[in-house]
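Scroll down for the structure; my scribbles are underneath it.
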Amino acid sequence: MMEIPEIEKASTEEIKSFQEEKLKELLLYLNKNSKYYKNLFSSHNIDIANIQTLEDLAKIPITTKEHLQEFNDDFFCVPKNEIVDFVTTSGTLGEPVTVGLTDKDLDRLAYNEAISFACAGVGKDDILQLTTTIDRRFMAGLAYFLGARKLKAGIIRVGAGIPELQWDTIKKFKPTYLIVVPSFLLKLVEYAEKNKIDINASGIKGAICIGEALREQDFSLNTLGKKIKAAWNIELYSTYASTEMSTAFTECCEQQGGHQHPELIITEILDDVGNKVPDGQEGELVITTLGVEAMPLLRFRTGDIVIAHTEKCKCGRNTTRLGPLVGRKKQMIKYKGTTIYPPAMDNLLNDFSEVASHVIEIYKNTIGTDEILIKIAVHTPSEELLLKIKDRFRSKLRVSPKIEVCDFKEIQNLSMGKLGRKPVGVIDKRNQ
C-alpha cells in the first residue's frame, strides 16, 4: 500500500507553513511566465513580495471561469510545443476551456490520482475497471489510468456504458474496484439480476465514484447510495475533482469527505462577497493549484458550493476534507421564495424506484422568475405516481415543480452532454 504523504499527517501549523512556501514559489512563477497574472498584478498594483501568508491571498482578485474563457491562451505559462496533452473542461456552465499539460503536469496528475486511490484503500495488488471514457478530451479518464500505473495497480479500460461488456470484463479479469458514475452501478445491478449473476460473489470490493453525490451533508448515505448498498455489498468512495484543478479530493476508509492534498492545492471557502465563511458553513470553493507547470491557477472560483471539515480524521490524515457538493452556484434556483440546488431534487427523485431516469430543466418564465420542469421516464406512468412525487417535493423542499413524463429515448438524448463524456442532469436555459 502506498504510504500517506508525510505532509498529510503534519500539524495544521506545519501544513499552513508548507503551503505558504509553495505559494511564494507559485507567485514568482506566475509573475515570470503568465501573461494573465502578470497583467493582473500590474493593473492592481500588487507587489507579490507582500503575499507571505495564506491570509494574504485575500489581496489578490479572484479568477473566474469567464476569465478563463475570455483569456484562455494568456493563462499558459509554457510555449505550445511543450504541451504534450490537450484536454477541455466539460462546458457544463458555459463554453469549454482548453487546458494543456506538460510532461511534468502528467507526472503530477499521476501522483495526485495514485495518492487518491491509496486514500480509498487501493493498492498494487488491486485491479481497477474503468467504466468512464478515457478519450473525448476528458482529463479524469486519463488521470485514472496514469494514477493506477503510478500505483502499480492493474487497470482495464472498458469505457462508458454497455453493462454486458462490463460484466464480461468482471468475470474475465476479476477486478477488485470499479471507477464509475454511481447511478451506472444500478444499471449493472439490474443487468446482473436479469442474467442471474451473483453480484456479491463477483470479487468487487469497492467503487471509486465520480460525478454524482452518494452522501448527505452528515456523510450518511443518500437515497442513491442506499439503493446501491442494499443490492451490492461494496464500499463506496466519493470523489470530487475538476479539470481546472488537476487534483482530486477522495474519501478514505472513514468516508467522511474527500481529503485535500496540501502539496497540490490550496483551498478557500468564501461567501458571495469573497470573505472566508465560518468553519462548518457552506460557501464557494476557491482553489490555487500547486506544482502545475502549463496552466497554474491562482484563486480560481470553481462555482461549487461545499462545506469544509477541518478536524483531524481517524485515518491519520490531518488535511481539510470537503463534504458532498451542496450544488453549483450558477445552478442555484430561486423558486417561489425558496432556494434550491439540483442535487436536492435528484436525491428526492431517487426515492422513487418507478422513475428510471430524469432531467431537470431550469428556465425563466414570462415575468422573469425561475421555473423548474422535471422530465421523467417511468416504467408505468400514472396520475397517482405524479401526485406522490409532487407531495414529496412539497413536504421535503416546500415547493412543487412542473413534472412531465417523457419516453426513455428523449431523456437519454437530453442527458448526453455536448462531448458525451458524462451524463448531464441539469439543463439551464435561463441565459439562452
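The values are calculated or read from the model by the stated rules, or taken from the named source; none is laboratory data. Remember, predicted model here, so these are calculated numbers, not experimental data. Cβ: placed from backbone, ideal geometry, glycine included. Neighbour counts: every protein chain shown.
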Which count do you get for residues in region 215-241 that are of a type in the set (V, I, T), modelled with pLDDT of 95 or more and touching an Asp or Glu at 6+ places or on another chain (Cβ under 8 Å)? 1
Candidate set from region 215-225 (those that are without any contact (Cβ under 8 Å) to a residue 40 or more places away in the chain and outside any strand (DSSP E or B)); member that is surrounded by the fewest Cβ atoms within 10 Å (Cβ to Cβ): D218
Filter region 96-107 down to residues that are within 18 Å of the chain's Cα centre (by Cα) and not in a strand (DSSP E or B) and give me whichever is modelled with the lowest pLDDT. P96
How about region 94-121: which of its residues are under 14 Å from C77 (Cα atoms) and among the acidic types (D, E)? D103, D105
Please enumerate the residues belonging to region 42-56 that are among the aliphatic types (A, V, I, L, M), more than 13 Å from L30 (Cβ to Cβ) and part of a helix (DSSP H, G or I). A49
For T131, which of the numbered conditions (1) among the polar types (S, T, N, Q); (2) out of contact with any Leu (no Cβ under 7 Å at 6 or more places or on another chain); (3) under 30 Å from D428 (Cα atoms); (4) modelled with pLDDT of 95 or more fails to hold? (2)
Kindly list the number of the only condition in (1) under 20 Å from D107 (Cα atoms); (2) surrounded by fewer than 22 Cβ atoms within 10 Å (Cβ to Cβ); (3) not charged (D, E, K, R) that fails for A143. (2)
Can you spot a residue in region 401-411 that is surrounded by fewer than 18 Cβ atoms within 10 Å (Cβ to Cβ), touching an Asp or Glu at 6+ places or on another chain (Cβ under 7 Å) and over 17 Å from Y335 (Cα atoms)? no
Matching residues, region 226-247, being free of Cβ contacts under 8 Å to residues at least 24 places away in the same chain and either among the hydrophobic types (A, V, I, L, M, F, W, C) or touching a Gly at 6+ places or on another chain (Cβ under 9 Å) (or both): A230
From the list R215, R317, R299, exactly one residue is under 24 Å from C77 (Cα atoms) and among the basic types (K, R). Which is it? R299
List the residue pairs whose Cβ atoms are under 7 Å apart, where the first residue sits in region 272-296 and is of a type in the set (K, R), the second is in a strand (DSSP E or B), and the two are 6 or more positions apart or on different chains. K276/E268; K276/I269; K276/L270
Against the conditions (1) of a type in the set (D, E, K, R); (2) part of a helix (DSSP H, G or I); (3) more than 13 Å from A231 (Cα to Cα), where does K196 fall short? Just the number, please. (2)
Filtered residues of region 376-399 (kept if under 16 Å from A356 (Cα atoms) and assigned to a loop (DSSP other than H, G, I, E, B)): H379, T380, P381, S382
Checking the conditions here, which among P296, P278 is assigned by TED's automatic domain parsing to the domain that holds L186, surrounded by 20 or more Cβ atoms within 10 Å (Cβ to Cβ) and either assigned to a loop (DSSP other than H, G, I, E, B) or touching a Pro at 6+ places or on another chain (Cβ under 6 Å) (or both)? P296
Of all residues in region 199-214, which are of a type outside the set (V, I, T), in a loop (DSSP other than H, G, I, E, B), closer than 23 Å to D346 by Cα and touching a strand residue (DSSP E or B) at 6+ places or on another chain (Cβ under 8 Å)? G211, A213, L214
When D56 is evaluated against the numbered criteria (1) within 15 Å of T288 (Cα to Cα); (2) touching an Asp or Glu at 6+ places or on another chain (Cβ under 8 Å), which criterion, by number, is the only one it fails? (2)
Provide a single number: the residues in region 381-418 that are under 17 Å from E361 (Cβ atoms) and touching a helix residue (DSSP H, G or I) at 6+ places or on another chain (Cβ under 7 Å). 6
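Matching residues to (1) in contact with a Pro (Cβ under 9 Å, 6 or more places away or on another chain); (2) β-branched (V, I, T); (3) part of a strand (DSSP E or B); (4) farther than 30 Å from E235 by Cβ:
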position: V286; (1), (2), (3), (4): no, yes, yes, yes
position: G291; (1), (2), (3), (4): no, no, no, no
position: D304; (1), (2), (3), (4): no, no, yes, no
position: G316; (1), (2), (3), (4): no, no, no, no
